[in-house]
Every structure is written in structure tokens, then in C-alpha cells.
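The values are calculated or read from the model by the stated rules, or taken from the named source; none is laboratory data. This one's a predicted model, so the numbers in the text were calculated from it and none came from an experiment. Neighbour counts are summed over all protein chains in view; Cβ atoms, including those assigned to glycine, are modelled from backbone coordinates with ideal geometry. These area figures cover heavy atoms from the full protein model, side chains too; ligands, DNA and RNA do not enter into them. Shrake-Rupley method; radii C 1.70, N 1.55, O 1.52, S 1.80 Å.
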Amino acid sequence: LLAYYYTRSTVEELALGHALLDLCPPGRIPVLDRVEGDHFHLHTVAGTAPGASRSRGSLPGGPLAAGAILDRMEEFVAGAGNWEATGCFHRAGILDSAAGSFLRVVEDIGRHNCMDRLAGWMLAAGVAPAGLALFASCRFTASLLAKVARAGFALAVSRSALTTAALDLAVQQGLALAGFAREGRFTVFYDPAGRIADPGRP
């Protein structure tokens, strides 16, 4: 199944993102050089990744409404793919809250692979995630949320649960965090800058 699923582009996304989030020291970014056919050479050069500033200010379109979060999560999980067809794949996506649409959605058996692939795609495409939201089908652990924070996202929303260590990390990093986004409800665990609209406010 994996041999069938992975393509050249998904392998390159995965390699770039893993190197960026787990291996590169500050001030270095990974680069892929094509060597021969499907082979490539991965190395690092001096540079700054789009999310390196980790400036997690307001979302560009203003706070994301509760209804919009639920609608986008429903759209996110309902899309055709291996996650829907097999039940054993994870899914993660980048939401442009101002446009109300997903810039990129990926699937993988590994949760960390999903985050690595999104980070690799953002690096290759020059997309800065500071004002964007991450949607995920999986549980947020501290190790996974550390990657989300390193990538520079402003808001992370999961259809599933999260660990207390993940919440502690979100507080340390100033990352807005919501979970259990399903069946017409979700829980806001941390939102220091009001990135999620409060339905109780006028």
C-alpha cells in the first residue's frame, strides 16, 4: 500500500519537512538536489523557513467563527481519500481562514508524516503559515504539537483529543488550540489572542 501511495512529490515533501522540523538548526533550511532519475541529495544551506519567525498574531481574516470551524472540519474529513476509504490514514490540512478554503490537504499512515509533508510543501512553495490554521484528524501529542509550533502555525484544530503535555506546550508557544471538533461542537483549550471568535460576545 505504501509503495503504491508514495509518489516522487510526496517523498520530497516528506524529506524536506522532516529535515526542516527535526534536523535543521536555526538559520539553516533543507534543499533537495536531483541526482539521477528518482534519486536526490538532501543537504542544508543558510536560510530562513517561511514560518521561522513564529509570529502568531491575528488571523488575516479576523477571528475564525465557531460555525466556520465546524463547517471546514466537516469538509476536511468528508473529502475522498485513503483516510475515508481505509480508516487507517491520518489527514492534515492548511486552512486559509481569510479565503475559507484549504491550501493543502495531505494523508499519511503516520501523524508526524502528515505534518512533515505540509511543512515540506510550505517550504518548497514559499508559504508562510503564521496567519494560517492547521486542521488534523489525529490526536495532538506534545511531540506532534512541537512540530506544529516549529512550523509557525497560529491555530491548530483537531477532530480528536489532545494530551495535557500538548496543551502545556501550546501555552508556552502562544499557539491557539482546539480539539474534539466533531458532531456540531468543539472545545477551545487555549486561545491567547482571540483567534477563535467567542460566540458569547456581541
(request) Could you work out how far helix 164-173 tilts from the main Cα principal axis of the chain, as a 0 to 90 degree angle to the nearest 10? (result) 80
(request) With a 1.4 Å probe and every protein chain left in place, work out the accessible area per residue of the chain in Å², rounded to a whole number. (result) 47
(message) Can you tell me the length gained on complete extension of the stretch VAL31 to ALA99, counting 0.36 nm per residue apart and subtracting the Cα distance?
(response) 21.5 nm
(message) What distance in nm separates the two pseudo spin-label positions at GLN172 and ALA193, each 7 Å out from Cα along the beta-carbon direction?
(response) 2.0
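May I ask you to derive the relative contact order of the chain, considering only C-alpha pairs under 8 Å and at least 6 residues apart, and to give it as an integer percent?
Rounded, it is 22 percent for the chain.
Applying a 10 Å radius around every beta-carbon, put 151-162, 187-198 in order of their mean neighbour count, most first.
Values: 151-162: 23.4, 187-198: 16.6.
Highest mean packing first, the order is 151-162, 187-198.
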(message) At 1.4 Å probe size, put CYS88, CYS114, CYS24 in order of accessible surface, largest to smallest.
(response) CYS88, CYS24, CYS114
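When a/c is below 1.5 the answer is rounded, else prolate if a/b is larger than b/c, else oblate, so apply that to the range 57-127 with a ≥ b ≥ c taken from the square roots of the Cα gyration tensor eigenvalues. Please list the in-between numbers first.
Details: a/c = 2.49, a/b = 1.27, b/c = 1.96.
It is oblate, given that a/c is not under 1.5 and a/b is not larger than b/c.
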(message) If you fit an axis through the alpha-carbon atoms of helix 66-78 and take the longest principal axis of the Cα set of the chain, what angle between them do you get, 0 to 90°, nearest 10?
(response) 40
(request) Report which label in (i) 16.6, 60; (ii) 15.3, 43; (iii) 17.6, 60 holds the value of Rg and Dmax of the Cα atoms in Å derived from the coordinates of this structure. (result) (i)
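Assign unit charges at the C-beta atoms only (+1 for Lys and Arg, -1 for Asp and Glu), then state the dipole size of the chain relative to its Cα centre in Debye, rounded to the nearest 20. List each step's numbers first, then the result.
On the way: 18 positive and 18 negative charges, 92 e Å.
The dipole magnitude comes to about 440 debye.
I'd like the antiparallel share, as a percent to the nearest 5, of DSSP beta bridges with both residues in the chain. Could the numbers behind the result be given before it?
Working: 23 of 32 bridges.
The antiparallel proportion sits near 70 percent.
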(message) To test your reading of the geometry: what angle, between 0 and 90 degrees and rounded to tens, separates the Cα axis of helix 111-125 from the longest principal axis of the chain?
(response) 70
(request) Grab the DSSP H runs of the chain that are 4 residues or longer, score each as -39,500 (n - 2.57), total them, divide by all residues and round the 222 nm result to the nearest 500 deg cm²/dmol. (result) -10000 deg cm²/dmol
(request) On the full set of protein chains, 1.4 Å probe, figure out the accessible area of ILE109 and give it in Å² to the nearest 10. (result) 80
(request) Report the residue, chosen from GLU12, GLU183, GLU107, that carries the largest GNM mean-square fluctuation when the chain is represented by alpha-carbon nodes joined by springs under 10 Å. (result) GLU183
(request) Note down the nm distance, to one decimal, between modelled labels 7 Å out along Cα→Cβ at ALA65 and at HIS41. (result) 5.3
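Which shape class, rounded, prolate or oblate, goes with the range 67-169 when its Cα gyration tensor gives a ≥ b ≥ c as root eigenvalues, a/c under 1.5 marks rounded, and past that a/b bigger than b/c marks prolate? It would help to have the intermediate numbers written out before the result.
Values: a/c = 1.22, a/b = 1.05, b/c = 1.17.
Verdict is rounded for the range 67-169.
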(request) Using a 1.4 Å probe over the heavy atoms of the protein chains, calculate the carbon and sulfur portion of the accessible area of the range 77-141 as a whole percent. (result) 52
